[in-house]
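First the structure, in the form of structure tokens, and then the observations on it.
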Amino acid sequence: MAGLKNIVVVALVIISMSLEMKWVGAQVHHVVGGDRGWDPSTDISSWCSGRIFRVGDKIWFTYSAAQESIIELKGKEEYESCDISNPIKMYTDGLDSISLDGEGIRFFVSSKPDSCHGQNSQNITAKINSHDH
């Protein structure tokens with residue numbers, strides 16, 4: 001009888017460990033702009049609206065590398081003024097995967113100056129939450 005109890009306890013521990021690992025490992029892959037990707041005809045603001053980003057998720061930028069690149073900026077001031085003179089990082093491959101590895105807000109803009117301001121702006125802010133929220 002004690003042997004059966006030990007087997008049941010071990011089985012429950014293994015099951016709960018595997019469920020926990022699936023929860024922690026669960027990540028969502030967000031393709032910025034959906035099917036069209038990062039494209040001037042895509043309403044990036046609408047795509048972003050209401051979307052929840054969590055630590056561990058990935059965002060993917062798909063775009064024409066021959067026409068532009070994606071720039072990650074330091075903060076809100078650079079983002080709002082479209083100041084791309086001192087980026088954190090430039091993405092230039094045309095298909096870039098970015099891991100959201102911490103909480104906070106990340107700012108991404110197009111390298112094309114005419115795509116930064118106005119109605120057709122190609123900007124994204126990603127507010128990243130922990131898994132608990």
Any hit, the stretch 30-43, residues being closer than 21 Å to S130 by Cβ and within 17 Å of the chain's Cα centre (by Cα): yes
Positions within the stretch 32-43 being open to solvent by 70 Å² or more (accessible area, probe 1.4 Å) and in contact with a Ser or Thr (Cβ under 8 Å, 6 or more places away or on another chain), in sequence order: R36, P40
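Can you report the number of residues in the stretch 44-53 which are within 15 Å of the chain's Cα centre (by Cα), more than 15 Å from S115 (Cα to Cα) and surrounded by fewer than 17 Cβ atoms within 10 Å (Cβ to Cβ)?
Of the residues in that region, 4 qualify.
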Members of the stretch 83-98 found to be of a type outside the set (F, W, Y) and crowded, with 18+ Cβ neighbours inside 10 Å, listed by number: I84, P87, D96, I98
Search result, residues across the stretch 67-82 that are over 20 Å from the mean Cα position of the chain (by Cα) and open to solvent by 100 Å² or more (accessible area, probe 1.4 Å): Q67, E77
Every residue from the stretch 56-66 that is open to solvent by 40 Å² or more (accessible area, probe 1.4 Å) and either part of a loop (DSSP other than H, G, I, E, B) or not hydroxyl-bearing (S, T, Y) (or both): K58, W60, S64, A65, A66
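The values are calculated or read from the model by the stated rules, or taken from the named source; none is laboratory data. None of the values given here were measured: they were computed from a predicted structure. Glycine also receives a Cβ, built like all others from the backbone with ideal geometry; neighbour counts cover every protein chain displayed. Areas reflect the complete protein model, heavy atoms only, side chains present, ligands, DNA and RNA absent. Shrake-Rupley method; radii C 1.70, N 1.55, O 1.52, S 1.80 Å.
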